[in-house]
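See structure below.
All of the numbers you see were taken from the coordinates with simple rules; none came from a lab. Quantities reported herein were computed from a predicted structural model and do not represent experimental measurements. Note that we place each Cβ from the backbone using ideal geometry, even for glycine, and neighbour counts take in every protein chain shown.
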Amino acid sequence: MDADPIERARAALAPSGLILRGALNFAPDEERPEGPDGAPARAVILVGNAGAAYWRHFSRWRAEQAASVANPLDTWSRMVIARAAEAIGARVAMPNDRPYLPFQQWAMRAEGLRQSPLGLLIHPRFGLWHAFRGALLLDVEIPVQGVGEVNHPCDLCTGKPCLNACPVSAYTAEGFAYQACLTHVRGGEGMGCRTGCLARNACPHGREWRYPAAVQAFHQRAFAGI
């Protein structure tokens with residue numbers, strides 16, 4: 001393996017618009033997923049997006065696929081991340097793989113992120129307009145820079161417009177009312193939400209990274225199964 005797998009992985013992902021989203025070495029005594037050699041992994045590199053730079057690459061690939069391809073974004077992401085895995089001798093892990101892996105916890109450790117009132121992790125630069133698409137599991141430790149103090153945007157937001165924008169008040173201190181949100185998005189009054197989550201769009205932070213309308217509509221349709 002190359003002495004710097006992070007740079008090799010970054011180069012392999014560059015043509016896709018996906019980027020590296022932090023990395024960490026596992027503690028020897030923590031529960032660890034299986035690495036490429038079958039033993040517990042020793043490190044993980046997170047892969048995802050900030051903004052929608054990936055969209056044109058994904059759209060070009062999707063136009064060449066059969067309309068029936070299942071979970072197209074996950075399928076494309078796995079394919080792209082697999083190329084990076086091959087370049088550095090890693091194993092691919094995806095958020096939807098069973099058993100589920102603690103992607104949110106890894107992200108919080110690797111990038112110092114915290115949850116927003118919507119449950120989504122908010123980034124000090126990208127706001128809510130980012131995602132983790134997969135991970136690369138390694139059987140060796142990697143050079144990782146420590147995460148310094150990260151300013152949490154929600155601490156400075158007094159009005160919390162995200163909590164006031166949802167037409168069915170799906171976001172509360174008790175958590176996310178998934179079924180209420182889903183019923184509304186699928187229903188006759190949910191057209192505005194089918195083109196983008198109103199609560200997410202109400203967040204004033206990181207607006208320059210906001211996904212274009214077509215990207216938001218794609219994700220909302222996938223969420224609602226419509």
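Table for the structure above
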{"quantity": "D (Stokes-Einstein, µm²/s), Kirkwood Cα radius, segment 91-178, 0.692 mPa s at 37 °C", "calculated": "216"}
{"quantity": "Segment 45-161: relative contact order as a whole-number percent, Cα under 8 Å and 6+ apart", "calculated": "37"}
{"quantity": "Listed residues Met108, Trp76, Cys193: farthest to the positive end of the dipole of the chain (Cβ charges)", "calculated": "Cys193"}
{"quantity": "Shape of segment 28-142, Cα gyration tensor, a/c cut at 1.5", "calculated": "oblate"}
{"quantity": "Cleavage-rule hits (GluC sites (Glu not before Pro)) in segment 56-134: DSSP loop, at most 13 neighbouring Cβ within 10 angstrom", "calculated": "Glu64"}
{"quantity": "Neighbour-count order for Met191, Met94, Met79, fewest beta carbons within 10 angstrom listed first", "calculated": "Met191, Met79, Met94"}
{"quantity": "Length-normalised contact order of the chain in % [C-alpha pairs under 8 Å, at least 6 apart]", "calculated": "24"}
{"quantity": "Gyration tensor verdict on segment 157-224 (Cα atoms; rounded if a/c is under 1.5, prolate if a/b is larger than b/c, oblate otherwise)", "calculated": "oblate"}
{"quantity": "Sorted peptide list for 192-202, 124-134, 6-16, criterion being average Cβ within 10 angstrom, highest first", "calculated": "124-134, 192-202, 6-16"}
{"quantity": "Relative contact order (%) - criterion: Cα under 8 Å, at least six apart; region: segment 141-226", "calculated": "28"}
{"quantity": "Cα-based helix-to-principal-axis angle, 72-88 vs the chain, degrees rounded to 10", "calculated": "20"}
{"quantity": "Cα-centred dipole magnitude for the chain, charges only on beta-carbon of K, R (+1) and D, E (-1), debye, nearest 20", "calculated": "960"}
{"quantity": "Listed peptides 209-220, 35-46 by packing density, highest first (mean Cβ within 10 Å)", "calculated": "35-46, 209-220"}
{"quantity": "Positive-pole candidate from Val150, Gly127, Gly225, dipole of segment 110-226, charges at beta carbon", "calculated": "Gly225"}
{"quantity": "Whether segment 89-128 is rounded, prolate or oblate, judged on the alpha carbon gyration tensor where a/c under 1.5 counts as rounded", "calculated": "prolate"}
